[in-house]
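The values are calculated or read from the model by the stated rules, or taken from the named source; none is laboratory data. None of these values were measured; they are calculated from a predicted model. Virtual Cβ from ideal backbone geometry, glycine too; neighbours counted across all protein chains shown.
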């Protein structure tokens, strides 16, 4: 299975120069919320991750195809762990406290040190949609990033046809900045994308959920 890394802006795909960034990404901190634990992915998560990654509805509005087998999922985890090893932006496993099972992922698509900015993204098992878990997970990542890293701006992009994702971003203090028409070509069609972002000044003046 081939994994695409799409950087919507022309930021260089290079390891962070700052030791602070590299250390953060190579040793992602464990983040806790009332319902969730965010931690680095491990190979034993493959079965849990496959459950939601093989769901066409979960993959509908994201840039990856549904996993066809647990082998695809293991390849994905190996890729994520290689990002940890190289100190590159990557994702956390989202673990439901109640069951100890992985129900999604959340993390960074890219980071631009020169512009003090980054992009975040997330996916969640359909079984757990509309329960506030995506909001908890994204809020935890924003809180950690602004607390530890010298970022001024964190953005996220969503398919225009996915307003539920937009509500998650809004609840986390992100502001909608505009619609980018036919911004990407995904799953056989051009997609309109909504760009949202939160600035450090927004975060300092807001109380994030979770």
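The residue pairs whose first member lies in segment 75-91 and is free of Cβ contacts under 8 Å to residues at least 60 places away in the same chain and on the phi < 0 side of the Ramachandran plot, whose second member is part of a helix (DSSP H, G or I) and surrounded by fewer than 20 Cβ atoms within 10 Å (Cβ to Cβ), and whose beta carbons are closer than 6 Å, counting only pairs six or more residues apart or on different chains, are 77/43; 84/26.
Residues of segment 52-74 being assigned to a helix (DSSP H, G or I) and more than 27 Å from residue 27 (Cα to Cα), which ones?
56, 57, 58, 59
Of everything listed in (1) more than 18 Å from the chain's Cα centre (by Cα); (2) assigned to a helix (DSSP H, G or I); (3) modelled with pLDDT of 95 or more, the single unmet condition for residue 23 is (3).
Test residue 126 against the criterion of being within 15 Å of the chain's Cα centre (by Cα) and farther than 19 Å from residue 44 by Cα, and give yes or no. So residue 126 does not fit the description; no. Of the candidates 49, 77, the single residue that is in contact with a strand residue (DSSP E or B) (Cβ under 6 Å, 6 or more places away or on another chain), over 30 Å from residue 199 (Cα atoms), in a helix (DSSP H, G or I) and modelled with pLDDT of 95 or more is 49. Exactly one residue among 140, 118, 156 is at pLDDT 95 or above, touching a strand residue (DSSP E or B) at 6+ places or on another chain (Cβ under 6 Å) and part of a helix (DSSP H, G or I), and that residue is 140. Residues considered: 178, 173. Of these, the only one that is out of contact with any helix residue (DSSP H, G or I) (no Cβ under 8 Å at 6 or more places or on another chain), at positive phi and either surrounded by 13 or more Cβ atoms within 10 Å (Cβ to Cβ) or not in a loop (DSSP other than H, G, I, E, B) (or both) is 178.
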